[in-house]
Structures are given as structure tokens and as C-alpha cells.
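Below is one structure, written out as C-alpha cells; comments come after it.
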Amino acid sequence: MAQPKKSSRPTSRFSAVAFAVLFALLGAACEGFYSDSLPTPQIALPTPANLQEGDPEDLVEAGARTAMAAALGISADAPRKILLQHATWTDRAPGCYPPPPGVSGPYLVPGYRLLMQYEGVFYEYDADLGGETGALCDFTTQWVSVEPALDIVTVNLEGSARPDFFTVYILRSEEDVAAFNSTNSEIATIAAGVVDWTVELLVGGWVNTGPYTEAVRAYHLPAGPQAGIDAAPIFIEVAVPENLADTANDIPSQTWVLIDITKPDSTYQFIGMRQ
């Protein structure tokens, strides 16, 4: 009997956002780029001469806001910050980060990937660790259809008291449902025969925003050599409904969603938002 696929992900440093899996993917990608027969990549790090004062993460956000204001003709305060994560830019997976000046051949630039939102569109800004250099990507994210699935999932509240933020459950068939129900009943029980597996799949996990979270939207970043990842990571935003906003807090909440089928090797990441 098929086992439900699990996807690992780290927790977030932000109260409303979980760490995405991209850093691990990027690290693995970068390790595979070089071998003993290739030149050792040059590592570009901020020097005391070009370091700006202040928190690097704040500097990256300020750079992104300035770039978006210039590109879109809007106020720098208008975009909404969604997700900040560590990244490594290389000559083979540069992201949108400009090549370091004076560096030829292989290179590694530790830095950040910042996801911003404005009027329902998501933008990526790639920068170095010091926030001195960064660039706004030309591409935007692509939407994926998603809806709450708690009407077909009975959550075990006792199990939810012991959340596993490192695991996302991905179910693609009735066999996966049967396997999940037989091995994970302490977490939740899923109704059988109610999902059209030809067009959607079921994804479940935990977020630090609760209780009673529901799916708001889902989207994925582009994949490919430039981004340094082979499969597009799917971000699923969940939030407490507006009519229950007064009950929202930072206690763990188990959430389940039905989402359109994407690539078989796609990864899934829940992001807890505040309405």
C-alpha cells in the first residue's frame, strides 16, 4: 500500500512565516555544481569597506522596497513583506543577483531571497548578506488553485497539541488516504472517496497561526537553472477567517488543503498569515 509522501521543512524566524525549504534545495544544488576537477569557487562576502550600518535583513527589505517603488511607480511602503530566507547565489544558479564585479569563473555569494507582495502579485528580490547589492527579479509568481479541506479531515486535537512543523503530508490517492488513516490516526482521520485525485491532491501540516486556519491562496516560484532548483516550491498561505480574527494567536494549528496537481516532485510550504 502506498505511503503518503512527506516533505521536510524548517520553522520560521518570523511569528507569521515558516522557514521555506529553498535554502536546503539551493545548498544541495550548489554542492552538485562543483567537483575536485573544477576550480574552487570564489566566495564573495561583504567587506568592512562596503558594509552598511544596520540589520542586514532590514537593509535587504529596504532595497526591495526601493526597487519596487522605482519599477512600479508606487510608494516604498506599499508592498507587503511575505518571506525572507537565506540563499546562495552561484555562477550557475545566480538567481536575479548581479554577478560580483571583478570575479571571473565560479563564485558563491551567500545572501537572501525576499518575497514581496503588491496588489496580489508576488515579486522576488535577491541580495547579498550585507544588503549592499540586490536586484528585483523580472518574473512574478504563478498561482495555484487551493481551498480548505477540513470538511473532509477530522483533526485529532490531542495530536495537534504535539505539532510536527518539520513534516508536510502529501496525499495523492485513495491508497495514500488508507495508509495515512492506518498509521497516523493520532494526527487526523481523512474521509475516503471524496477527492478527485485526477485533478487535485491533499496537503496537510502545521502553522504557528491559529486556531481554525483556512487556505487563502497558493502560488509557486519559477524553477530552473537560474533559480537553482528543479521543482517549483509551492507556498500555501493560510489564515484565521476574518470572523474569528479576534481569536487568532500564535499557538500551533493543524491545517489541510485541497490543491491543484502540480509537478510530482514539487515541495509544499505552509505560511501562516494574519488577516
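Structure values in brief
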item	result
Pairwise label distance in nanometres, Lys81 with Val194, each label 7 Å out on the Cα-Cβ vector	3.9 nm
Linear extension gain, Asp265 paired with Asp138, 0.36 nm per residue minus alpha-carbon span	43.2 nm
Ala179-Tyr118 FRET efficiency (beta carbon distance; Förster radius 45 Å; 0.05 resolution)	0.60
For a label point 7 Å along the Cα-to-beta-carbon line of Val103, residues of the stretch 56-89 with backbone N under 15 Å	87-89
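Rule-based calculations on the coordinates, nothing more; no lab input. Computed from a predicted model, the values in this text were never measured in an experiment. Methodologically, a virtual Cβ is constructed for each residue, glycine included, from the backbone with ideal geometry; neighbour enumeration extends over all protein chains shown.
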